[in-house]
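In what follows, a single structure is set out as structure tokens and then discussed.
Each reported figure results from applying straightforward, stated rules to the coordinates on display, with no laboratory input. The structure displayed is predicted, hence computed values, not measured ones. Virtual Cβ from ideal backbone geometry, glycine too; neighbours counted across all protein chains shown.
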Amino acid sequence: MAINPKSRLTHLPIQDVEFPSSFAADFISEFVKAAELDNDGRGIYHSWKVCLISCGIGKKLNLDKNDLRELFFASLLHDIGGIMADCHIIDLLTQIPDVYGQKGNFRIFVHPHRSETFLGTFPTFRRISEAVGAHHEFYDGSGFPKGLKGDQIPLLARIIRVADAVEVASRLHQSENLDDLISLLGISSGEEFDPALFDVFVDLAVNGGLLDAVSSDEAVEANMLSLKKEMKEHYLLSSSDTLNRFFKMIAAVSDNLTSSETDHSLHVAETAVQIAYLMNLDEREILAIRWAAFLHDIGKLAGNRSVYRKKEKLSDEEWRTVTAHAQKSYDILNGVSGMDKIAYYILYHHENYDGTGYPDGLKGEKIPLASRILRIADAFDAITSNRPYRKKKQQTEALNELKKCAGRQFDPHLVEVFTKYTLP
Ligand SMILES: [Fe+2]
Ligand SMILES: [Fe+2]
Ligand SMILES: [Fe+2]
């Protein structure tokens, strides 16, 4: 494709690509699991547990395949708006178990709406986004954000409400036995919970071992693995356009939480695509590079997120956390069917041309071309953006800086191609 060297390549034609039918379930579950690691890197598994309990209730209700699938994705994503730079919404909810206190806490109050907004940009996620937006509505109308009542609350949201409350209560009252937990939660049947759904939960917990499925990390892992296999689908993220918007949304979530600049990953994608076009790569490859750019830093979501915004000098330990993010991004994506090439490109986005980068110290052409492109695009955005530790530089100055480091950090040929095109 011929390009106008002075145009900004923001609207690329998107080719159709096929991802396996397990892609959405794989990607979303791995992403949520990573975003729910605590500061020490241990899994919280809140949304996975809510998902397993919700789907247990959904199956007992004989929901049809479509509804069950939407319940699966809605329960996995219900708290996506509750992942924050310094904590997870679950940390706040366990400190403020009372609904009046929750309504008075801004971050708790807005998180269902944030979840809904993130997902509302995809037509195929419409019902899922409605359900996540209503997952803190109470059956008697005393919930939030809208104060919906009874059947006004979507069924999927009512199911998630029961599962969510069960998961939080099990966390808070670990020592209680099942009967005590049920009587504790039973007080809220008809108020917080749809009573018919709460009865289904009780039946499953007493006679079906529902809570055994979430009793340990190992049980959760094993049960999620088999549930995921039932959730193959081809419509949620079926077109390249939806996938593109979805990856952009994931990029926005992770940039928001780990970068001092909004839209970092979007800028990296734009520059990387420009370089890829200048190198005459084919369009499928360009698309892979674009998506790799969107996702290159998602590993920063996994575990301690505060180090990425720190203004002070980092300790050795904190620096190790920072440099581990390329490997973490790879680990999240490598388990997802269809993402292996993109994961591989991302793994090496901090390798230096002279072999002094990380994680493997690869040198020269041993570094995949796509990763060498990402390296330059990433650095270019870093230099031209304000960072906690220094002010941004103008474009010409930034390009000169790239030239200075050509052959050391960056592939000199790529720097030449990019600067020749961009310099006035
Ligand atoms: Fe929530
Ligand atoms: Fe939740
Ligand atoms: Fe990075």
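Here are a few things to note about the model shown:
- Cα shape, the range 240-422, gyration tensor, a/c 1.5 rule: rounded
- FRET efficiency, 1/(1 + (r/R0)^6) with R0 41 Å, evaluated for Arg107 and Asp340 via beta carbons: 0.65
- Rounded to whole Å, the principal axis extents of the Cα atoms in the chain read 70, 45, 37, largest first.
- Sorted on the mean count of surrounding Cβ atoms within 10 Å across their residues, most packed first, peptides 377-385, 287-295 read 287-295, 377-385.
- Angle between the chain longest axis and helix 23-35 axis [Cα atoms, degrees, rounded to 10]: 90 degrees
- Between Asp331 and Asp38, full extension at 0.36 nm per residue minus the direct alpha carbon distance yields a gain of 103.8 nm.
- Rough spin-label spacing in nm, given labels placed 7 Å along Cα→Cβ, for Thr117 and Tyr358: 3.4 nm
- Neighbour-count order for Val206, Val220, fewest beta carbons within 10 angstrom listed first: Val206, Val220
- Cut-off 16 Å (backbone N to label point 7 Å along Cα→Cβ of Asp217), residues of the range 235-258: none
- Estimated inter-spin distance, Cys87 and Leu314, nm [label 7 Å along Cα→Cβ]: 2.5 nm
- Ordered by the count of other Cβ atoms within 10 Å of each Cβ, fewest first, His234, His296, His78 give His234, His296, His78.
- Put in order of Cβ neighbour count within 10 Å, fewest first, the listed residues Ser259, Ser265 become Ser259, Ser265.
- Other residues whose C-beta falls under 15 angstrom from the C-beta of Leu236 contribute a net charge of -1, scoring Lys and Arg +1 and Asp and Glu -1.
- The GNM of the chain, with springs linking C-alpha atoms under 10 angstrom apart, assigns the highest mean-square fluctuation among Asp151, Asp26, Asp86 to Asp151.
- The angle separating the long axis of helix 46-60 from the principal Cα axis of greatest extent in the chain is about 50 degrees.
- Residues Thr94 and Ser183, FRET efficiency given R0 of 30 Å [Cβ-Cβ distance, rounded to 0.05]: 0.90
- The range 23-230: C-alpha pair distances exceeding 28 Å, %: 19 percent
- Residue among Tyr345, Tyr358, Tyr45 with the largest mean-square fluctuation in a Gaussian network model of the chain, springs linking Cα atoms under 10 Å: Tyr358
- Contour minus Cα-Cα distance for Lys392 and Val206 (0.36 nm per residue): 60.9 nm
- Convex hull volume per residue in cubic angstrom - Cα atoms of the range 103-169: 86 Å³
- Comparing Tyr348, Tyr330, Tyr100 in a Gaussian network model of the chain where C-alpha atoms under 10 Å apart are linked, the largest mean-square fluctuation is found at Tyr100.
- When both the range 290-306 and the range 129-205 are represented by their alpha-carbon centers, they are found 33 Å apart.
- Cut-off 9 Å between beta-carbons: net charge of the residues surrounding Ala34, Lys and Arg +1, Asp and Glu -1: -1
- Theoretical gain in end-to-end length, Glu176 to Glu365 [0.36 nm per residue, Cα-Cα removed]: 62.1 nm
- Degrees between helix 264-278 axis and first principal axis of the chain (Cα, 0 to 90, nearest 10): 40 degrees
- Normalised contact order of the range 23-230, rounded percent, pairs of Cα under 8 Å and 6 or more residues apart: 21 percent
- Under 30 Å of direct C-alpha separation, and excluding same-chain neighbours fewer than eight residues apart, Lys146 reaches these lysines: Lys33, Lys49, Lys59, Lys60, Lys65, Lys103, Lys248.
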